[in-house]
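Working notes, beginning with the structure itself.
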Amino acid sequence: MSIVLSPLTPADAERCAELEEVLFPGDDPWTAQAFLSELAAPHNHYVAAREGDSLLGYAGIALLGSGSTAESEVHTIGVDPSAHRRGIGGALMNDLLAAADRHGGPVFLEVRTDNVPAIELYAREGFEVVGTRRKYYQPSGADAYTMRRPSRSEGESS
């Protein structure tokens, strides 16, 4: 079977919360209600990775501002550990970045400083570390890098 990307729906919230518990156990994983709130916000874009009836991954981005003040912020990306190393994270990220490129402006995200696979994925997509947020993730107290990908128009002019 192949992976298909489709919009994340309210019916997916419970499965996303289950994955959060597995993926982020020490860092206040999102609840189903948190996903429902995110899905209800009109400025957010959320996508699911499915194989048949199974939701294997999810990702979301906020599309903020407009015109010269446009920017986007990746809120979350997660892939079932049983499906790692299959390109699902990259496919989800590509979907988010396509939405960000249509919106315009730079893209920001935070990532644990010890999450090497995610940092490598983001670097391949043009993100650079622009700062560190000490004790960003709670309750673990883990640090986060703030990463930024220039807007496509910035990237083309440099």
Go through segment 47-158 and tell me which strands (runs of 3 or more DSSP E), entirely inside it, have 3 or more residues that are more than 23 Å from Leu19 (Cα to Cα) and in contact (Cβ under 8 Å) with a residue 60 or more places away in the chain. none
Looking only at residues in segment 5-27 that are at pLDDT below 95 and in contact with a strand residue (DSSP E or B) (Cβ under 7 Å, 6 or more places away or on another chain), which one is surrounded by the most Cβ atoms within 10 Å (Cβ to Cβ)? Glu20
Go through segment 12-38 and give me each residue that's of a type in the set (Asp, Glu) and farther than 17 Å from Val111 by Cβ. Asp12, Glu14, Glu18, Glu21, Glu38
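The values are calculated or read from the model by the stated rules, or taken from the named source; none is laboratory data. On a predicted model such as this, the values are computed, not experimentally measured, just so you know. A quick note on method: Cβ atoms are made from the backbone with ideal geometry, for glycine too, and the neighbour counts reach across all protein chains shown.
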